[in-house]
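The values are calculated or read from the model by the stated rules, or taken from the named source; none is laboratory data. All figures in this text were calculated on a predicted structure; none of them were measured in a lab. Cβ placement follows ideal geometry from the backbone for every residue including glycine, while neighbour counts extend to all protein chains displayed.
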Amino acid sequence: MLKVSVTGMRMRVRARYRVTGSVLNDSVMGAMLGAETTLEIDSPADPAQVARVVRNAERGCFVMQALLNPVPVSGQTVLNGQPLADPHQVVRVMDAWHKRVAVQALFGELSVAAAGETPAGAEIETETLASTESTQ
Amino acid sequence: MAQGPEGLDPTVQTREIAFEADVRSVTPFLKLATVSHNGTAHKTFVCDEGPSLGGLGSAPTPLMYFSAALAF
């Protein structure tokens, strides 16, 4: 433990999102636009020590790190006990390599990885699915 | 025809959403969050950590909320 006395803490977060398209039109797409945080700390400790605590807290925060460093996220649907083969359901917030790994893990060998709508700002390749059939 | 929820209106193509969270510590790990949606519909809930980290284990951890949010 860093043993820095903190007598009070308040954090304010503003998280901004945008949703485009329509659920009814099968075109809905959500995106997180960004977030701003303000951390207020009451502490008699040396500011340098407090800064160290904050630095460690942010580096150790799984949520913060998940937002700063997007990770592979895959998904599958089981319909009436059977896998529903729909590569378009694979979450696309990942780079091309991770998309390929996720799609292949879920649906077997596909000639092309994944495609479709991509979140604004996501620097990922746009490819077209050649097949939606599972080889499993 | 019955009018559906505003959020499902297909004629609206773009919606901007902002959540504002105000989180205060009650103990070092027990925190109270009040979150509003575009400045309205305030909801308050708590999080804690388990005894292994020095918390009380009295509420879901932040990671529990985060993980479950994928399913919500």
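Residues to consider are A:A45, A:A51, A:A31; find the one that is among the hydrophobic types (A, V, I, L, M, F, W, C), more than 9 Å from chain B (Cβ to nearest Cβ), surrounded by 14 or more Cβ atoms within 10 Å (Cβ to Cβ) and not in a strand (DSSP E or B).
Details: A:A51 fails: surrounded by 14 or more Cβ atoms within 10 Å (Cβ to Cβ); A:A31 fails: not in a strand (DSSP E or B).
The conditions single out A:A45.
Under 6 Å between Cβ atoms, at least 6 apart or on separate chains: pull out the pairs that start in the range B:1-23 with a residue that is within 23 Å of B:T44 (Cα to Cα) and at pLDDT 85 or above and end on any residue that is part of a loop (DSSP other than H, G, I, E, B) and polar (S, T, N, Q).
B:A18/B:N38
Please determine whether any residue of the range B:31-38 is surrounded by 16 or more Cβ atoms within 10 Å (Cβ to Cβ) and in contact with a Leu (Cβ under 7 Å, 6 or more places away or on another chain).
no
Could you tell me how many of the residues in the range B:27-42 are outside any strand (DSSP E or B), out of contact with any Asp or Glu (no Cβ under 6 Å at 6 or more places or on another chain) and more than 10 Å from chain A (Cβ to nearest Cβ)?
Keep residues of the range B:27-42 that are outside any strand (DSSP E or B), which gives B:27-30, B:38-39.
Keeping just the survivors that are out of contact with any Asp or Glu (no Cβ under 6 Å at 6 or more places or on another chain) gives B:27-28, B:38-39.
When the remaining residues are screened for being more than 10 Å from chain A (Cβ to nearest Cβ), the result is B:27, B:38-39.
Count: 3.
Residues to consider are B:F19, B:F45; find the one that is within 10 Å of the chain's Cα centre (by Cα), away from chain A (no Cβ under 11 Å) and surrounded by 11 or more Cβ atoms within 10 Å (Cβ to Cβ). Even if it seems obvious, please write down each step before you answer.
Numbers: B:F19 fails: away from chain A (no Cβ under 11 Å).
Just one listed residue meets the conditions, B:F45.
Hey, any hits in the range B:54-69 for a residue that's modelled with pLDDT under 90 and either within 12 Å of chain A (Cβ to nearest Cβ) or surrounded by 14 or more Cβ atoms within 10 Å (Cβ to Cβ) (or both)?
Initially, the range B:54-69 is screened for residues modelled with pLDDT under 90, giving none.
No, the conditions are met nowhere in the range B:54-69.
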